[in-house]
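Have a look at the structure below before the remarks.
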Amino acid sequence: MTLSIGILTHSTNPRGGVVHGMALAEALCDAGYEATLIAPDAGGEGFFRTPRCAVRCIPVPEVRDLSARVECHVAAMREALRDARYNVLHAQDPISANALADLVVEGRIAGFARTVHHLDRFADPGLAFRQARGLRAAAELFTVSALWERTLLAEWGRVAPVVGNGVDPLRFSPEVNAQDCSLWARHGVPPDRHLILSVGGIERRKNTLVLLEAFLCLRAVRPDVHLVVVGGGRRYWIIPIIARLLPRFCRPVGMLSP
């Protein structure tokens with residue numbers, strides 16, 4: 001019997017959980033399973049790249065307020081999946097987990113699995129509730145690091161085995177190619193210097209401030225080292241960090257977007 005598996009994520013944008021879910025769905029398809037990648041699609045343009053698996057994009061309106069957007073996406077995913085039939089459902093985030101939790105309450109599904117990539121601290125009580133419910137309602141939990149494995153056990157009483165993120169050797173290679181050279185030239189990164197690469201953008205939960213302070217200490221004794229941050233960031237975090245630290249020792253070359 002070939003299992004039918006639904007991999008749910010919170011959007012079609014190139015965020016960490018979305019990329020993780022896509023890679024998981026592709027790997028399951030490669031292994032012979034019927035995996036479908038499912039997400040709300042506010043822009044109507046589909047996923048940031050074409051995956052090697054079936055996809056289901058759920059239309060949702062553009063909503064600027066975060067709390068309202070979460071509620072809108074939970075409701076849209078719940079309605080879209082109400083009559084869906086999968087052997088396994090696997091959520092990658094609180095939004096999809098809450099949609100599945102509603103279906104458990106309705107008796108439409110027996111349960112679901114959830115991968116916890118990280119947990120946030122929300123001042124908004126609605127967002128805090130959604131995060132807690134999406135974690136507690138999952139029948140099985142997984143996580144991507146020993147840090148969150150310890151946190152989930154100590155603070156939530158949940159066992160979550162670590163299934164670490166991997167690297168696709170077909171997409172990423174240590175061999176230098178023409179695309180690498182073009183990227184270096186476009187962002188002014190010398191190809192013959194040592195690089196420290198930080199993937200994930202600039203945010204408090206990425207520990208960006210500590211990273212930059214450590215880099216500045218290293219830069220004082222190794223001026224040939226360059227720091228490259230790949231990803232996005234919230235403007236209210238980026239501007240104060242750049243103003244405080246970067247002008248002291250290094251020249252920003254811009255953010256590299258996925």
query: Which residue, of 65, 120, is touching a Lys or Arg at 6+ places or on another chain (Cβ under 9 Å) and at pLDDT below 95?
result: 120
- line: Within segment 151-166, of all residues that are without any contact (Cβ under 8 Å) to a residue 24 or more places away in the chain and within 20 Å of the chain's Cα centre (by Cα), the one surrounded by the most Cβ atoms within 10 Å (Cβ to Cβ) is 162
task: From the list 248, 171, pick out the single residue that is surrounded by 10 or more Cβ atoms within 10 Å (Cβ to Cβ) and either modelled with pLDDT under 80 or under 21 Å from the mean Cα position of the chain (by Cα) (or both).
output: 248
message: Could you go through segment 231-242 and let me know if any residue there is at pLDDT below 70, within 21 Å of residue 19 (Cα to Cα) and outside any strand (DSSP E or B).
response: yes
task: Output the number of the condition that residue 26 fails; it satisfies all remaining conditions of (1) over 23 Å from residue 108 (Cβ atoms); (2) among the acidic types (Asp, Glu); (3) assigned to a loop (DSSP other than H, G, I, E, B).
output: (3)
task: Scan segment 190-212 residue by residue and report those that are touching a strand residue (DSSP E or B) at 6+ places or on another chain (Cβ under 6 Å) and β-branched (Val, Ile, Thr).
output: 196, 199, 202, 208
- request: Could you check, for segment 41-64, whether at least one of its residues is in the same structural domain as residue 135 (by TED's automatic domain parsing), of a type in the set (Val, Ile, Thr) and under 27 Å from residue 147 (Cα atoms)?
  value: no
Lone unmet requirement of (1) within 12 Å of residue 116 (Cα to Cα); (2) touching a strand residue (DSSP E or B) at 6+ places or on another chain (Cβ under 7 Å) for residue 151: (2)
message: Restricting to segment 71-97, count the residues that are of a type outside the set (D, E, K, R) and either touching a Cys at 6+ places or on another chain (Cβ under 8 Å) or surrounded by fewer than 22 Cβ atoms within 10 Å (Cβ to Cβ) (or both).
response: 8
field: Hits in segment 165-204 (condition: out of contact with any helix residue (DSSP H, G or I) (no Cβ under 8 Å at 6 or more places or on another chain) and among the hydroxyl-bearing types (Ser, Thr, Tyr))
entry: 173, 182
- request: Evaluate the following for residue 60: is it surrounded by 15 or more Cβ atoms within 10 Å (Cβ to Cβ), touching a Gly at 6+ places or on another chain (Cβ under 9 Å), β-branched (Val, Ile, Thr) and free of Cβ contacts under 8 Å to residues at least 40 places away in the same chain?
  value: no
Cβ pairs under 9 Å, 6+ apart, first in segment 75-102 and of a type in the set (Ser, Thr, Tyr), second part of a loop (DSSP other than H, G, I, E, B): 86/3; 86/109; 96/9; 96/10; 96/112
message: Between 15, 49, which is among the charged types (D, E, K, R), closer than 26 Å to residue 69 by Cβ, free of Cβ contacts under 8 Å to residues at least 60 places away in the same chain and surrounded by fewer than 18 Cβ atoms within 10 Å (Cβ to Cβ)?
response: 49
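The values are calculated or read from the model by the stated rules, or taken from the named source; none is laboratory data. This one's a predicted model, so the numbers in the text were calculated from it and none came from an experiment. Every residue, glycine as well, gets a Cβ built from its backbone with ideal geometry; the counts of neighbours run over all protein chains shown.
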